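Have a look at the structure below before the remarks.
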Amino acid sequence: MAELRVIPTRMELKKLQTRYQTARRGHKLLKDKRDELMRRFLEVVKRDKELRERVEAALKAAYAGFDLAAAVTHPKILEESLMLPKKSGEIAVSYRNQMSVTVPDFAMIESAVGDSDTYNYGLISTSGELDNALTALGSVRRDLLLLAATEKEAQLLAEEIERTRRRVNALEHIMMPRYLAAIRQIKMKLDENERGNITRLMKVKDMMVAAQYREKHDFFPDEEEA
């Protein structure tokens, strides 16, 4: 790990201590955010699993109905019956904020094509199995949209969790240790300078005491004899 190059001064020490405290607060906030994102991600995954099972079961039933309709209906008649849709629709997309993550919501806007109460094919030449299959397929549309939005939300939350995790690790294993190492380095240098100053002051004091002693004995030699 590369160390920070700092000037060993008290001002620089104060600046680094402030940065370290800011990094600690940011680290705690990011850890809390990561934990909350994980909690919400697990909720979304659970909801996604339930939706997927429901959609897969509904699609399986609809496809089984189409297979049965294809078995009792002539292929040409079945193809002509499914050429025109009963409804047309558009997907409206809205967005919401989820822990600083913008996730989409999908909604179906439908409009009838012709008479919405009837199918766009002749009922005489087709079987009731086709009607049931189309009804089953139509009932799963909204769940499909909800499943798509849920899976997209899970993907975006997972990406945000990964980004937050990298930031937490960068603060915990890189930035904060660098600040602590630089703070220790400056403190050691300042302590060393302080010890040097104290040593010099003690040396100066000893020199001053010695000078006073010599001066006293130079001016009052008789006092020592007395």
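The values are calculated or read from the model by the stated rules, or taken from the named source; none is laboratory data. Quantities reported herein were computed from a predicted structural model and do not represent experimental measurements. With ideal geometry, Cβ positions are generated from the backbone for all residues, glycine too; neighbour counts draw on all protein chains shown. Accessible surface is based on the protein model in full, side chains and every heavy atom, while ligands, DNA and RNA are left aside. Shrake-Rupley method; radii C 1.70, N 1.55, O 1.52, S 1.80 Å.
Okay, here's what the table says:
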item	result
Yes/no for residue 39 being in a helix (DSSP H, G or I), among the charged types (D, E, K, R), at negative phi and touching a helix residue (DSSP H, G or I) at 6+ places or on another chain (Cβ under 8 Å)	no
Residue 77 being open to solvent by 50 Å² or more (accessible area, probe 1.4 Å), under 30 Å from residue 44 (Cβ atoms), at pLDDT below 85 and not in a loop (DSSP other than H, G, I, E, B)	no
Condition met for residue 35 (among the acidic types (Asp, Glu) and modelled with pLDDT under 90)	no
Inter-residue pairs, beta-carbon under 9 Å, first open to solvent by 50 Å² or more (accessible area, probe 1.4 Å) and in segment 6-24, second of a type in the set (Val, Ile, Thr), 6+ apart	7/186; 8/186; 9/186; 10/186; 15/6; 17/183
Every residue from segment 32-50 that is more than 16 Å from residue 101 (Cα to Cα), in contact (Cβ under 8 Å) with a residue 24 or more places away in the chain and open to solvent by 70 Å² or more (accessible area, probe 1.4 Å)	47
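Results for (1) modelled with pLDDT under 90; (2) more than 30 Å from residue 95 (Cβ to Cβ); (3) open to solvent by less than 50 Å² (accessible area, probe 1.4 Å), shown as yes or no for each residue.
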residue: 125; (1), (2), (3): yes, yes, no
residue: 148; (1), (2), (3): no, no, yes
residue: 155; (1), (2), (3): no, no, no
residue: 166; (1), (2), (3): no, no, no
residue: 175; (1), (2), (3): no, yes, no
residue: 191; (1), (2), (3): yes, yes, no
residue: 211; (1), (2), (3): yes, yes, yes
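One line per residue, one yes/no per condition, for (1) part of a loop (DSSP other than H, G, I, E, B); (2) closer than 30 Å to residue 144 by Cβ; (3) of a type in the set (A, V, I, L, M):
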position: 6; (1), (2), (3): yes, no, yes
position: 14; (1), (2), (3): no, no, no
position: 22; (1), (2), (3): no, no, no
position: 35; (1), (2), (3): no, no, no
position: 55; (1), (2), (3): no, yes, yes
